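Here's the structure we're looking at; comments come further down.
The values are calculated or read from the model by the stated rules, or taken from the named source; none is laboratory data. The model shown is predicted, which means the values in this text are computed figures rather than measured ones. FYI the Cβ positions are ideal-geometry reconstructions off the backbone, even for glycines, and counts take in every protein chain you see.
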Amino acid sequence: MQVFHTISGLRDSLSGHRIQGQTIGFVPTMGNLHDGHLALINQAKQSNDIVVCSIFVNALQFGLNEDWDKYPRTYDSDCEKLRSMGCDYLFFPDDKEMYPNGLDTQSRVICPTMTDVLCGASRPGHFEGVTTVVSKLFNIVQPDEAIFGIKDYQQLAVIRRMAEDLCMPVKITSAPIHRETDGLAMSSRNSYITPEERPKVTVLKQVLEQIASQIEAGEQDFSALESEAKAVLGNQGFKVDYVTISNSKTLQPAAIDDPDITVLGAMFTESARLIDNISLKKK
Ligand code: PAF
């Protein structure tokens, strides 16, 4: 695996592959790679000749009181994992390479719908940071396909919308949620969960599944389902951010006859903010 710290170095190497007609699959990450990320790399390898991964802890998508400075940076073990997966290129830029004019004056990509609900409501500016860095990364790598995990469902939906709205010549592909054996969705931030709260956090997945099965059984009172789920999370001692039954594409509150519905939840433990989601199977 070749590692590039500069945009020009990576571009020079990739242009050779493009001239030969090879396809490029791309997996953007912030590092601290777990099996979920490696499954994205594997998926990219299945359908592309060349796989590029990026690791960049993007300050633009962190709020002032968020964990940018303590976000786990595990470069050496990340490289080992990527090599073992057969990743071809790692792009590992620093802040100066990505934001040479500074963060404050950086041009932004705004996706006006879908970003002020769900996670966007409690993390103002977060998705603007994500769409900005992802569009920069797309311009740098110019991939044929980019793979994003369904675990960050809102991020995936927003990026799909951005790519569609801005006519970006990249196929956005989703990858299933990777889970620990007890069902907890894998996340780089799971390392924040304390041993005491760890056995209880699977309740988030359980309440979302409960809502999904009740809707599939014909329940139509969505707001009652949301309230019951929030009460269960609260009773387990977690602060609820949201539990929402949403239209899978627009992320607006779902109507009863919406063909595609996703149930999304976010909660705070003492040490972490956890998210999860489940999309209903079409009948
Ligand atoms: O999902 C992530 O790790 C990040 O939000 C992404 C897509 C790499 C952008 O910084």
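Laid out as a table, the results:
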read-out: Residues of the range 124-145 satisfying the condition of being aliphatic (A, V, I, L, M) and near the ligand (Cβ under 9 Å from one of its atoms); value: Val130, Val133, Val134, Leu137
read-out: The range 129-156 residues that are more than 21 Å from Asp95 (Cβ to Cβ) and of a type in the set (Gly, Ala, Ser), paired with ones that are more than 7 Å from the ligand (Cβ to nearest atom) and part of a helix (DSSP H, G or I) (beta carbon under 6 Å, 6 or more apart); value: Gly149/Gly36
read-out: Count - residues of the range 151-172 that are within 14 Å of the ligand (Cβ to nearest atom) and either among the basic types (Lys, Arg) or surrounded by fewer than 16 Cβ atoms within 10 Å (Cβ to Cβ) (or both); value: 2
read-out: Test set (1) buried (at least 20 other Cβ atoms within 10 Å of the Cβ); (2) out of contact with any strand residue (DSSP E or B) (no Cβ under 9 Å at 6 or more places or on another chain) - Val263 fails condition number; value: (2)
read-out: Which numbered condition Val57 misses (of (1) within 25 Å of Ser271 (Cβ to Cβ); (2) within 11 Å of the ligand (Cβ to nearest atom); (3) touching a strand residue (DSSP E or B) at 6+ places or on another chain (Cβ under 9 Å)); value: (3)
read-out: Residue satisfying condition, being more than 18 Å from Gln2 (Cβ to Cβ) and either under 19 Å from the mean Cα position of the chain (by Cα) or surrounded by fewer than 18 Cβ atoms within 10 Å (Cβ to Cβ) (or both), within set Val52, Val57; value: Val57
read-out: Phe148 being within 17 Å of Ala44 (Cβ to Cβ), within 13 Å of the ligand (Cβ to nearest atom) and aromatic (Phe, Trp, Tyr); value: yes
read-out: Residue check, Pro112 out of contact with any Cys (no Cβ under 6 Å at 6 or more places or on another chain) and modelled with pLDDT under 95; value: yes
read-out: Failed item in (1) closer than 18 Å to Lys171 by Cβ; (2) within 13 Å of the ligand (Cβ to nearest atom); (3) acidic (Asp, Glu), with Asp78 passing the rest; value: (1)
read-out: The lone exception for Arg18 - which of (1) within 14 Å of the ligand (Cβ to nearest atom); (2) basic (Lys, Arg); (3) in contact with a strand residue (DSSP E or B) (Cβ under 8 Å, 6 or more places away or on another chain) it fails; value: (1)
read-out: Selection within the range 16-36 - free of Cβ contacts under 8 Å to residues at least 12 places away in the same chain and closer than 16 Å to Glu145 by Cα; value: Gly21
read-out: Residue check, Asp276 over 18 Å from Ile150 (Cα atoms), in a strand (DSSP E or B), within 21 Å of the chain's Cα centre (by Cα) and not aliphatic (A, V, I, L, M); value: no
read-out: Strands (runs of 3 or more DSSP E) contained in the range 158-270 and holding at least 1 residues over 20 Å from the mean Cα position of the chain (by Cα); value: 239-247
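Okay, residues lined up against (1) among the hydroxyl-bearing types (Ser, Thr, Tyr); (2) part of a loop (DSSP other than H, G, I, E, B):
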{"site": "Leu10", "(1), (2)": "no, no"}
{"site": "His17", "(1), (2)": "no, no"}
{"site": "Gln22", "(1), (2)": "no, yes"}
{"site": "Gly31", "(1), (2)": "no, yes"}
{"site": "Gln43", "(1), (2)": "no, no"}
{"site": "Val52", "(1), (2)": "no, no"}
{"site": "Glu66", "(1), (2)": "no, yes"}
{"site": "Tyr71", "(1), (2)": "yes, yes"}
{"site": "Pro112", "(1), (2)": "no, yes"}
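Residue-wise test of (1) part of a helix (DSSP H, G or I); (2) farther than 17 Å from Val57 by Cβ.
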position: Asn101; (1), (2): no, yes
position: Thr105; (1), (2): no, yes
position: Val109; (1), (2): no, yes
position: Asp116; (1), (2): no, yes
position: Gly129; (1), (2): yes, no
position: Val133; (1), (2): yes, no
position: Phe138; (1), (2): yes, yes
position: Gln155; (1), (2): yes, no
